[in-house]
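Peer 1: To start, I am sharing the structure in question, which I have written as C-alpha cells.
The values are calculated or read from the model by the stated rules, or taken from the named source; none is laboratory data. Bear in mind the structure is a predicted one, so any value in this text is a computation, not a measurement. A quick note on method: Cβ atoms are made from the backbone with ideal geometry, for glycine too, and the neighbour counts reach across all protein chains shown.
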Amino acid sequence: MAILRKNILRKKCLQKRTRATNKQYKQARKEADKICKVKKKQWLNNKIEQVEEAHKHNDTRKFFKDIRAFQNDRSPPIFACKDENGTLKTDKQGIMDRWKQYFADLMESDRGIDNQVQEEEEEACTIENDIEIEPPSYKEVSDIINKLKRNKAP
C-alpha cells in the first residue's frame, strides 16, 4: 500500500513540480523504504529460523539447501580472453576464434595421449588374454543400484 502511494505521488511530482509535491513524495518514499526494510528483516529472520529448525531436526538436505539460498556466487559473464600471445581480445568473433583454436589444440594433445594409452592397453590385453570376464547381468546392476544411499553423490 505504501509503495503504491509512493508511486502515485511520484507521478504527481513529475507532472507538477512544486516543493509541496516533492516533499510529499520524499516523505512517502521514506515510509515505503522503511516498510521494505522491516519486511526484508522479517523475511531474513524467518529464513534463519528455518535453517536452525532444519539443523535441530538433523535434516541436512534442507539445511544445506537453505544455506545455499543465502550464497550469492553469481559472477558476471566475461567478454574477453587472451590469445596465445597474451594480448586481450574483446570482440566477439576474436573470442570465438580463440576458443575454437584452444579446443582444437586440446583435442590434438588428447589424440596423442589416446594413441599412447591405446598402445599400452593393447600390450596389456595381449598379456592378460587368458582371463575372460563376463559382463554384469541386469539383475546384478539393479541390485547394486538399489543398495546405494538416497540423495547422496555417487
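Peer 1: Any idea which residue in the range 114-145 is modelled with the lowest pLDDT, counting only those that are β-branched (Val, Ile, Thr) and surrounded by 10 or more Cβ atoms within 10 Å (Cβ to Cβ)?
Peer 2: 117
Peer 1: Pairs needed: first member in the range 79-105, on the phi > 0 side of the Ramachandran plot and loosely packed, with under 10 Cβ neighbours inside 10 Å; second member anywhere, small (Gly, Ala, Ser) and in a helix (DSSP H, G or I); C-beta distance under 9 Å; at least 6 residues apart or different chains.
Peer 2: So the pair list comes out empty.
Peer 1: Which helices (runs of 4 or more DSSP H) does the range 1-98 wholly contain that include 2 or more residues that are within 34 Å of the chain's Cα centre (by Cα) and among the basic types (Lys, Arg)?
Peer 2: 19-56, 60-70
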